[in-house]
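Inspection log for the structure reproduced underneath, given as structure tokens.
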Amino acid sequence: MSLDESVTATDHDVTTPVTSHEREEGRRSHSLLTGSDRRTLTLMTAVPSFLHIALVWIPAIGTFILSFTNWNGVRWSSLKWVGFRNYEQLFTVFEKDLYESLFNNLWVMVALFFLGTPLGMLIAYILDRNLKGSAIYQSIFYTPVVLSLAVVGFIWRSVIYSPGQGILNSVLGRTEPGNQIDWLGNPDFLIPITSEYGLSKNFMALIAAMIWVHVGYVMVLYLAGLKSVDPNLREAAAIDGANEWQVFRQVIFPAMKPVNIVIMVITVITSLRVFDIIDVLNNPIGTDVLSILVTDNILGESGNVGRGSAYGVMLLLVCFGFAIIYLRNAFGEED
Amino acid sequence: MTTRKTEIGGYPSPAEWAKDLNRRTVLKGGVALAGLSAIGVSCGSDAATEFTGAIGDAGGALTIGSNASDPAPQAGLAAVVGSFPNENVEVTINTLDHNTYQENINAILQAGEDDVLAWFAGFRNKFFADQGLLGDISDVWDQVDGLGAGFLAASTATDGKQYFMPTSYYTWAVNYSKSLFAEKGYSEPSNVDELLSLADDMASDGITPFVFANDGQWPIMGTFDVLNMRINGYDFHIDLMGGNHEWTDERVRNVFSTWESLLPYHQTGANGRTWQEGAAALETGECGMYLLGTFAASASEALAADMDFFNFPEIDPAIGAGALDAPIDGFQMIAEPKNAAAAKELLLHMSTATAQDAYLSEDPSVVASNSGANTSVYNDLQKKSAALASSATGISQFLDRDTIPDFAGECGNMFAEFIEDPSKVDSLLSDLEEKKVAIFADYS
């Protein structure tokens, strides 16, 4: 429903009953827009449009334009146009950083999609069965989402992964000098793709921390969705002899379609913009992602806005890809 | 690039790295006054202000931007301001978290809110001076007394003018635990062979010779610095940092070969270990030596009481062991300060022994830059730092202060990858050289 339709509908409610003459009605309802209605209408479209253009389009286009410059971000006079040089360097000089980041963003997406999200759904499904102390479990699983990032960084770096003093090495009995596991520092590949690229061990350690946060987020969303599923559906399926898995797979899951889509979108967005946990864990070697490359280049005392913007455009292109897939699906459904 | 030849005169002092805390603190001062004085005194450019060296002429408000977010340095700076004899100047200190401050220095320099900013000597000061973001304080330097030629060189930009006022420094050396050395009968080595045999003794005693910690990818830059200065000399090191040598050069390659031969004496898993955890390994006697700034002592009081250090010994007798990293901290003035007259008076005051004594009374972990500072209150580490630096034949500022920050980050990555797999050194070095060319071209 568009904005116009909704305003017209409201007019009907507050004015005279609908007449049978459609044309007359159209004209009248138009003329019934008072000055304040018009102002409201204008504001309601203008303010969001303005914000959208100012906060989304102008920065995006600005980034695109700046990606053709060499500029330290200090004075406009020092800005130099360099054509495609930044892009060329991205693929010739800094190619390892770029490909490593693209792979890492992909790894996050795969891990959240196949581990984080299903785990969150499973926990939500179990907690939905009105277990004793369900609220306590919910709070525990949700805690990582509300913790400050400084705390998250401390927990994972100092409490869990610290080679000499961390919980993990203590539990595994690997605290002796020489046999300690270097969780955050070891860039050897867990899953090699080529000799230079793959899923590194320390990045997997970071992904574990991301999953830890993501699970709680998905759980809360899914739990809210499950509450809205008609319990009769479940009963009916059970009477028909469906087992637990079949009930979920054939009845609950399809009924939850809108929530599933939201969760999928969140999973994709999270994996594309992942930055915070890597940054608070000090961005060990082999753990670059696109957003880290953007900020590393643009921020910092020797800001290199041109190259950072070129990385930003790369991220934008990747996001466009997913946005197109999503929109195509979303509109495909409505037809 | 070789302007910074040096020996440091006088007694300097170690400043601090790990600054945490996250708040902008206003210690002193009136916001309203700041606005008033901007109208009253300003006239901005230094040409308009004749600096005579007399403290007391200026008035109005003055703002210092500071990264001293740890309690001791913060109290130290407040003490410096407290000792400023010009009562007519209302000084405000804006303290930001250490890392936030450094990441935003570009914006802070241009915002024009803070007249005087805490910063680092050498390349990182020159970098901003060359972009016209800093105010010339050569006239303040004309009045300075008690700072050696090394400090002057480290404060001078490409145009030959001074843009920095050094207040303190600290040294990088091989730290060790006095009690462990006494217990095992170890002694300080005077050349690399003695160092290796000491390391062998430690290994046979079940002690890992060297702490190795590289979380954040800056600590082991110190190892590269010292090896390069011992093997190729100070001038080569500074030229390499300035982008004037190729990283694929045989001489650089030699540094990595030597480093590789030393790696078995180091802790494994360095990349995931913080320097504080490294300091803990030194304290417990798990490891015998730790090449780090003397700030290692700040990790714990027990370590501070038991720690001593020696200069990294010579590798090549023709080159000797005279060069070392001794990062200098101090203050700079923005290009168009709101209150240039007061800023210059304060900067001159900061260079004096009086101001530095006031600072050291709150933060005894550092050594003053002024030779007239009161050294009788120094602890053993401070005295040794000062002696080491004053006998040095070449002082570098540490890799991330001696080259373009972007490039320093690439070096940090390269070193981290190198210690994980030294066999990749050649491809890592040619990658680094490619990046060097690209990054230096951006700033030429």
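The values are calculated or read from the model by the stated rules, or taken from the named source; none is laboratory data. No experiment lies behind these values; they were computed from the predicted model shown. Heads up, the Cβs are rebuilt from the backbone with ideal geometry, glycines too, and the neighbour counts pull from every protein chain shown. The protein model used for the area step is the full one, side chains on, heavy atoms only, and it has no ligands, DNA or RNA in it. Shrake-Rupley method; radii C 1.70, N 1.55, O 1.52, S 1.80 Å.
Please return the ranges of helices (runs of 4 or more DSSP H) entirely within the stretch A:121-201 where 1 or more residues are assigned by TED's automatic domain parsing to the domain that holds residue A:216, over 30 Å from the mean Cα position of the chain (by Cα) and over 26 Å from residue A:101 (Cβ atoms). Spell out how you get there, then give the answer.
On the way: elements: A:134-146, A:149-154, A:167-171.
Fully inside the stretch A:121-201 and qualifying: A:167-171.
Have a look at B:424, B:383 and point out the one that is away from chain A (no Cβ under 14 Å), of a type in the set (D, E, K, R) and free of Cβ contacts under 8 Å to residues at least 40 places away in the same chain.
It is B:383.
Does any residue of the stretch A:300-320 turn out to be of a type in the set (Lys, Arg) and within 14 Å of chain B (Cβ to nearest Cβ)?
So the first thing to find is which residues in the stretch A:300-320 are of a type in the set (Lys, Arg), and the list is A:307.
From what's left, within 14 Å of chain B (Cβ to nearest Cβ): A:307.
The answer is yes, given that some residue of the stretch A:300-320 is of a type in the set (Lys, Arg) and within 14 Å of chain B (Cβ to nearest Cβ).
Can you tell me how many residues within the stretch A:224-236 are modelled with pLDDT under 90, open to solvent by less than 70 Å² (accessible area, probe 1.4 Å) and not β-branched (Val, Ile, Thr)?
Total satisfying the criteria: 1.
Which of the residues spanning the stretch B:98-116 are within 16 Å of residue B:338 (Cβ to Cβ) and not in a helix (DSSP H, G or I)?
Here is the first cut: in the stretch B:98-116, the residues within 16 Å of residue B:338 (Cβ to Cβ) are B:108-116.
Listed by number, the residues that qualify are B:112, B:113, B:114, B:115, B:116.
What is the one condition in (1) modelled with pLDDT under 90; (2) within 11 Å of chain A (Cβ to nearest Cβ) that residue B:120 does not satisfy?
Going through (1) modelled with pLDDT under 90; (2) within 11 Å of chain A (Cβ to nearest Cβ) one by one, residue B:120 breaks only (1).
Name the single residue, out of those in the stretch A:53-83 being touching a helix residue (DSSP H, G or I) at 6+ places or on another chain (Cβ under 9 Å) and open to solvent by 70 Å² or more (accessible area, probe 1.4 Å), that is farthest from the other protein chains (Cβ to nearest Cβ).
Across the stretch A:53-83, the extreme among qualifying residues is A:64.
Kindly provide the set of residues from the stretch B:89-116 that are surrounded by fewer than 21 Cβ atoms within 10 Å (Cβ to Cβ) and acidic (Asp, Glu), ordered by number.
B:90, B:97, B:103, B:113
Just the residues that are in a helix (DSSP H, G or I), more than 14 Å from chain A (Cβ to nearest Cβ) and surrounded by fewer than 20 Cβ atoms within 10 Å (Cβ to Cβ), please, taken from the stretch B:243-269. Break it down into steps so the answer makes sense when it comes.
Going residue by residue through the stretch B:243-269, those that are in a helix (DSSP H, G or I) are B:250-265.
Imposing the further condition that a residue be more than 14 Å from chain A (Cβ to nearest Cβ) reduces the set to B:250-262.
Correct list: B:250, B:251, B:253, B:254, B:257, B:258, B:260, B:261, B:262.
Testing residue B:335 on (1) touching a residue at least 24 places away in the same chain (Cβ under 8 Å); (2) surrounded by fewer than 19 Cβ atoms within 10 Å (Cβ to Cβ), one condition comes back false. Which one is that?
(2)
So residue B:411 fits all but one of (1) surrounded by 19 or more Cβ atoms within 10 Å (Cβ to Cβ); (2) at the interface with chain A (Cβ under 10 Å from one of its Cβ atoms); (3) out of contact with any Lys or Arg (no Cβ under 8 Å at 6 or more places or on another chain); (4) closer than 23 Å to residue A:200 by Cβ; what number is the exception?
(2)
Six or more apart or on different chains, Cβ atoms under 7 Å: show the pairs whose first residue is in the stretch A:37-63 and hydrophobic (A, V, I, L, M, F, W, C) and whose second is open to solvent by 80 Å² or more (accessible area, probe 1.4 Å).
Qualifying pairs under 7 Å: none.
Has the stretch B:175-189 got any residue that is free of Cβ contacts under 8 Å to residues at least 40 places away in the same chain and under 17 Å from residue B:311 (Cβ atoms)?
The answer is yes, given that some residue of the stretch B:175-189 is free of Cβ contacts under 8 Å to residues at least 40 places away in the same chain and under 17 Å from residue B:311 (Cβ atoms).
Could you count how many residues in the stretch B:270-299 are more than 13 Å from every other protein chain (Cβ to nearest Cβ), under 15 Å from residue B:205 (Cα atoms) and open to solvent by 10 Å² or more (accessible area, probe 1.4 Å)?
0
Give the residues of the stretch A:185-203 that are touching a residue at least 60 places away in the same chain (Cβ under 8 Å) and of a type outside the set (Gly, Ala, Ser), sorted by residue number. Don't jump to the end; show me each part of the working.
Keep residues of the stretch A:185-203 that are touching a residue at least 60 places away in the same chain (Cβ under 8 Å), which gives A:185, A:187, A:193, A:196-200, A:202-203.
Listed by number, the residues that qualify are A:187, A:193, A:196, A:197, A:199, A:202, A:203.
Within the stretch B:225-242, does at least one residue satisfy the condition of being within 14 Å of chain A (Cβ to nearest Cβ), under 20 Å from the mean Cα position of the chain (by Cα), at positive phi and in a loop (DSSP other than H, G, I, E, B)?
No, because not a single residue in the stretch B:225-242 is within 14 Å of chain A (Cβ to nearest Cβ), under 20 Å from the mean Cα position of the chain (by Cα), at positive phi and in a loop (DSSP other than H, G, I, E, B).
Got a sec? Which helices (runs of 4 or more DSSP H) wholly within the stretch B:117-213 have at least 1 residues that are crowded, with 18+ Cβ neighbours inside 10 Å and in the same structural domain as residue B:234 (by TED's automatic domain parsing)?
Details: elements: B:123-130, B:138-141, B:149-154, B:178-184, B:192-204.
Filter on the stretch B:117-213 gives B:178-184, B:192-204.
What are the residues in the stretch B:386-421 that are more than 30 Å from residue A:308 (Cα to Cα) and without any contact (Cβ under 8 Å) to a residue 12 or more places away in the chain, if any?
B:387
Can you spot a residue in the stretch A:237-246 that is within 24 Å of the chain's Cα centre (by Cα) and either touching a residue at least 12 places away in the same chain (Cβ under 8 Å) or on the phi < 0 side of the Ramachandran plot (or both)? Spell out how you get there, then give the answer.
Step one: list which residues in the stretch A:237-246 are within 24 Å of the chain's Cα centre (by Cα), which gives none.
Within the stretch A:237-246, none of the residues are within 24 Å of the chain's Cα centre (by Cα) and either touching a residue at least 12 places away in the same chain (Cβ under 8 Å) or on the phi < 0 side of the Ramachandran plot (or both).
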